[in-house]
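Asker: This is the structure, below, for whatever I ask next.
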Amino acid sequence: MANEIKSLGAEYVVAGPGLAALATVGFLAASGKEVIWISGTAPRIHPIIPSFDRGDSAQVWIDLLKILGCDDGVAESLEEGSYLREFRNKSFRAVSWEKEQDPDTRRGIRDEMLWEPEHSFASLSEATFATDWMSFEKQALERIKGLSNVQIITGSKIVGIKVEDARLSSVRLDSGIEIACSNLIYGDSWAGLSTIEGLPKPLPFTRKRVPHGVVQATLKHKAPIAMDSRLGFFGTLNKESGEDFERRVWGCFSQDGLESCWSVCLSETESEDNHEIVKKYRKMKNLLDKMFSFLESVESEQVRFAEAWVFGSGDAPVKPFTVAEFKGVSFITDGYGLSSMFQQVRELVKQELGLTWESPLASSDEAVLIPEAVNAVDPQNLASL
């Protein structure tokens with residue numbers, strides 16, 4: 001097990017606390033590569049909702065769990081359908097854009113309805129697994145911690161890189177540690193790239209991308225709620241004075257119903273104001289009480305805030321970014337949701353290890369039409385979801 005650094009050199013350094021970094025570390029280490037994982041100083045933010053775009057990219061996550069020995073039938077649990085419910089008029093309803101056949105029409109309805117950073121994780125055609133992402137992360141992380149060729153540094157971030165003959169030679173941490181390496185996979189917050197000594201500024205791929213913060217709360221419940229539900233939920237917060245947009249609270253329940261995870265996005269300005277962060281969290285709890293009336297059942301809560309975690313503009317990356325004059329350095333992000341993360345990791349692993357994938361489900365842009373009879377669900381009857 002490797003929670004402490006045993007050496008100051010490895011073929012690969014991976015930076016970042018999110019799923020993109022976790023998956024990259026898992027694939028590299030399982031293939032026999034020596035990896036040092038700089039898990040960063042930001043908290044790990046769970047996926048905001050459990051669903052993602054239909055298509056073949058999810059196979060990369062299935063294969064990651066298989067090679068780590070914790071797949072437990074996850075491939076068989078992958079299904080397409082309608083997995084997002086909006087709280088409206090005191091009940092939960094399928095989202096309005098899912099009723100449209102044309103993908104462009106669906107996108108237009110969704111983009112007009114949602115605040116820009118919320119586009120990143122609200123899929124137009126959905127698929128999901130039976131297992132919740134909180135459990136996925138715990139299982140994968142425990143397996144990775146047990147790999148002898150993975151060394152993990154927590155509570156530090158990269159502050160400098162060194163290049164020799166146009167090739168990466170080392171990275172430097174804020175703790176003063178310098179790590180010799182030939183490859184860096186950077187999956188930490190892109191907001192920190194401008195502070196890393198040795199990188200060109202600005203990096204071309206960061207332009208026209210507006211970062212937003214996320215407040216996320218994981219609640220533990222005294223009794224199960226919505227067991228075995230694959231659904232994600234959202235409700236709309238009341239606008240504050242001066243706001244010209246609506247924002248939403250997003251979340252889901254764990255498979256055993258004993259945990260739930262809820263998130264709300266913040267603007268760049270709000271992310272710099274502790275008062276605003278606390279205020280948005282309180283408003284989120286008030287809305288959750290209206291949606292589910294379960295706050296009295298909450299046994300404990302863990303609140304996390306990550307600055308610049310979700311992007312509100314720019315095209316979602318489908319492969320890692322590189323810089324021509326820095327061979328061995330690649331950039332990935334969790335900032336555009338699960339679907340983009342899958343695609344980036346798939347292309348990265350293909351590039352670094354030569355692995356390819358087959359699709360577990362037929363890729364399709366067709367809408368999943370929801371019978372009107374199941375559109376509305378009373379929040380007091382969550383067991384039926």
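The values are calculated or read from the model by the stated rules, or taken from the named source; none is laboratory data. Bear in mind that the values here come from a model prediction, so they are computed numbers and not experimental data. Cβ atoms come from the backbone with ideal geometry, glycine included; neighbour counts cover every protein chain shown.
Asker: Assigned to a helix (DSSP H, G or I) and in contact with a strand residue (DSSP E or B) (Cβ under 7 Å, 6 or more places away or on another chain) - does that describe any residue in segment 121-144?
Answerer: yes
Asker: Confirm whether Gly242 is in the same structural domain as Thr24 (by TED's automatic domain parsing) and of a type outside the set (Asp, Glu). Talk me through it step by step, then tell me what you get.
Answerer: Working: in the same structural domain as Thr24 (by TED's automatic domain parsing): no; of a type outside the set (Asp, Glu): yes.
Answer is no for this residue.
Asker: Just checking, does segment 291-301 include any residue being within 21 Å of the chain's Cα centre (by Cα), modelled with pLDDT under 95, small (Gly, Ala, Ser) and not in a strand (DSSP E or B)?
Answerer: No, segment 291-301 contains no residue that is within 21 Å of the chain's Cα centre (by Cα), modelled with pLDDT under 95, small (Gly, Ala, Ser) and not in a strand (DSSP E or B).
Asker: Another question, then. With the requirement that a residue be touching a residue at least 24 places away in the same chain (Cβ under 8 Å) and small (Gly, Ala, Ser), what does segment 297-327 give you?
Answerer: Of everything in segment 297-327, those that are touching a residue at least 24 places away in the same chain (Cβ under 8 Å) and small (Gly, Ala, Ser) turn out to be Ser297, Ser300, Ala306, Ala308, Gly312, Ser313, Gly314, Ala316.
Asker: Is it the case, given these coordinates, that Asp63 is farther than 30 Å from Arg248 by Cα and out of contact with any Gly (no Cβ under 7 Å at 6 or more places or on another chain)?
Answerer: For Asp63, the condition - farther than 30 Å from Arg248 by Cα and out of contact with any Gly (no Cβ under 7 Å at 6 or more places or on another chain) - is met.
Asker: In segment 302-309, is there at least one residue being in contact with a strand residue (DSSP E or B) (Cβ under 9 Å, 6 or more places away or on another chain) and either in a helix (DSSP H, G or I) or of a type in the set (D, E, K, R) (or both)? Working first, answer last.
Answerer: Initial filter on segment 302-309 (in contact with a strand residue (DSSP E or B) (Cβ under 9 Å, 6 or more places away or on another chain)): 302-309.
When the remaining residues are screened for being either in a helix (DSSP H, G or I) or of a type in the set (D, E, K, R) (or both), the result is 304, 307.
Yes.
Asker: Another question, if that's okay. Report yes if Ser156 is within 30 Å of Val74 (Cα to Cα), crowded, with 16+ Cβ neighbours inside 10 Å, under 22 Å from the mean Cα position of the chain (by Cα) and polar (S, T, N, Q), otherwise no.
Answerer: No; evaluated as a whole, the condition is false for this residue.
Asker: Taking Lys279 as meeting all but one of (1) part of a helix (DSSP H, G or I); (2) farther than 21 Å from Ala306 by Cβ; (3) of a type in the set (Lys, Arg), write down the number of the exception.
Answerer: Here Lys279 clears every test but (2).
Asker: Given Lys279, Lys319, which one is of a type in the set (D, E, K, R) and either surrounded by 18 or more Cβ atoms within 10 Å (Cβ to Cβ) or assigned by TED's automatic domain parsing to the domain that holds Leu193 (or both)?
Answerer: On the way: Lys279 fails: either surrounded by 18 or more Cβ atoms within 10 Å (Cβ to Cβ) or assigned by TED's automatic domain parsing to the domain that holds Leu193 (or both).
Selected residue: Lys319, the only one of Lys279, Lys319 that is of a type in the set (D, E, K, R) and either surrounded by 18 or more Cβ atoms within 10 Å (Cβ to Cβ) or assigned by TED's automatic domain parsing to the domain that holds Leu193 (or both).
Asker: In this structure, does Val95 turn out to be touching a helix residue (DSSP H, G or I) at 6+ places or on another chain (Cβ under 9 Å), among the aliphatic types (A, V, I, L, M), surrounded by 16 or more Cβ atoms within 10 Å (Cβ to Cβ) and assigned by TED's automatic domain parsing to the domain that holds Gly26?
Answerer: no
Asker: Collect the residues in segment 228-282 that are small (Gly, Ala, Ser), more than 25 Å from Phe294 (Cβ to Cβ) and without any contact (Cβ under 8 Å) to a residue 40 or more places away in the chain, keeping them in residue-number order.
Answerer: Ser241, Gly242
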